[in-house]
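Please read the structure below before turning to the comments.
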Amino acid sequence: MKKLALISVVGLILTGCSGSDSNSNGSNDNNTQAPSAIQGTIDSVSGNTIVVNGYSYQVDSATYAGEDVAIADLEKNMMVSISSNARSASAHTGGAQVGLEPTIVGLISDTNHNNGTFKVNGIALTFTDLSREIENGDWVMVSSLPTANAGYKVLSVVKFEHSNLTESVEVEGLISDLDSNAKTFKLGASLNVDYSNAQIDNDDSTYDLSNGLWVEVTGSIADSVLKADEVEVEDFDEIDNDTEIEGIITWVANDKSSFDLSYKGRFLVNDNTRYEDGNKSNLTVGTEVEVTTKQTNGENIATEIEFEHDDDSQDWNDNDIDFEGVVQSIDEQALNFVIKTASGSQTVYVNQNTRYEDGLSFHTLHGQRIEAEAYKVNSQYIASEIEAEDND
């Protein structure tokens, strides 16, 4: 999918029906009530008007993977993105250009409308509101949020008839069990991916692929394996100021000074961060939020956080763990280290999103006594933050 900063809008018309305080513009420099960019789910659709995160937009066009999609095909709870290069929405007469941001695209199978279970690209999913008009063999777009078990909380399943959009399948998810020699990894909970012939799109030139990264894979399914044509690392490194993003908190620093959103990137919290329907203490893993952000010195700062609700269907506590001890060894090829803790030795992986404090780096970890804040992907632990032990 194209990053938020690359999806432009000729113009957007705001009708000011935000469920939040629509008169509060956050870091908005455009003198309009809407954020300069937004990524979230469609609240409602009426003709050519959609409401996203409480803001109403008149839609001029909709696209997916560079192809036009009929506006009539937009449905509630589809994940979309909208951004504006204009200083003022009122200066334009056209409507918004909407980019579709599905998590999974492919053929549906094994549908059971009685209990809402089905598969797309071999991935087992559940959606109790699955339309009975959707049948096995239909091509669908699935919008979702991550779950604690490397799975997917389905928000919508939409059938599309456009044959020009069905040339390849798409799946987003977390990397685990990466084998850089065999060029394979597991995506999400169980989908095997072969990326031996794939183009890798990673803005961080230091890394190729690593365990714990959220990626978008496009390609084709053969013998239950996703043969990747392209693997793109998803992140929030190039988002515009005053962007509002809907997602789920997937990691929180122990001091709540920062958090990760949907495994894609980190947001810092400071004294100027505003909260709606909650406060700083509500920053916990599994909580759904809408975050407005700005960039300062290369860091994404959360200017406003609106709390939606917790993911009550999942137990996130087992995914958030701290390790304290001495690093026994590091593996520069596998990008992991072994830490000896009071309860035994544990292998912990790092990636480009891992933050180091107290002058530490991956290459200097050997022999250091550290505290590693980590999250779990399948059976692997990924370090979010590493600091010297007893140095808060």
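Computed from the coordinates by the stated procedures, all read-outs in this text should not be read as laboratory data. None of the values given here were measured: they were computed from a predicted structure. Here Cβ is always computed from backbone atoms with ideal geometry, including for glycine, and neighbour counts include all displayed protein chains.
Once the mean 1/r over all distinct Cα pairs of the chain is inverted, what Kirkwood radius in angstroms do you read off? Its Kirkwood hydrodynamic radius stands at 21.8 Å. In this structure, the amide hydrogen of Leu213, modeled 1.01 Å from its nitrogen in the peptide plane, lies closer than 5 angstrom to those of Ile175, counting only residues at least 5 positions away or on a different chain. In terms of the Cα gyration tensor, with a ≥ b ≥ c the square roots of its eigenvalues, is segment 243-310 rounded because a/c is under 1.5, prolate because a/b exceeds b/c, or oblate? Since a/c stays below 1.5, the shape of segment 243-310 is classed as rounded.
Cross-link check: pairs Lys256/Lys376; Lys183/Lys376; Lys159/Lys294; Lys159/Lys183; Lys76/Lys280; Lys256/Lys340 evaluated at a Cα-Cα cut-off of 24 Å; pairs beyond the cut-off: Lys159/Lys294; Lys159/Lys183; Lys76/Lys280; Lys256/Lys340.
Please give the FRET efficiency for Glu230 paired with Glu332, using the beta carbon to beta carbon distance and R0 = 25 Å, rounded to the nearest 0.05. Once the sixth-power term is evaluated, E becomes 0.40.
Between amide H atoms placed 1.01 Å from N, distances below 5 Å from Tyr275 occur with Ile305, all of them 5 or more places distant or on a separate chain.
For segment 341-392, the share of DSSP beta bridges that are antiparallel, to the nearest 5, is 70%. Largest GNM mean-square fluctuation among Glu234, Glu244, Glu299, using the chain with Cα springs under 10 Å: Glu299.
With the highest mean first, a sort of the peptides 373-380, 45-52 on other beta-carbon atoms found within 10 angstrom per residue produces 373-380, 45-52. Shape call for segment 315-392 from the C-alpha gyration tensor, a ≥ b ≥ c root eigenvalues: rounded (a/c under 1.5), prolate (a/b greater than b/c) or oblate? Rounded is the answer for segment 315-392, as its axis ratio a/c remains below 1.5.
Working from Cα pairs under 8 Å separated by at least six residues, relative contact order for segment 243-310 is 36 percent. For Asp229, the residues whose modelled amide H falls within less than 5 Å of its own, excluding neighbours fewer than 5 places apart on the same chain, are Thr218, Gly219, Ser220.
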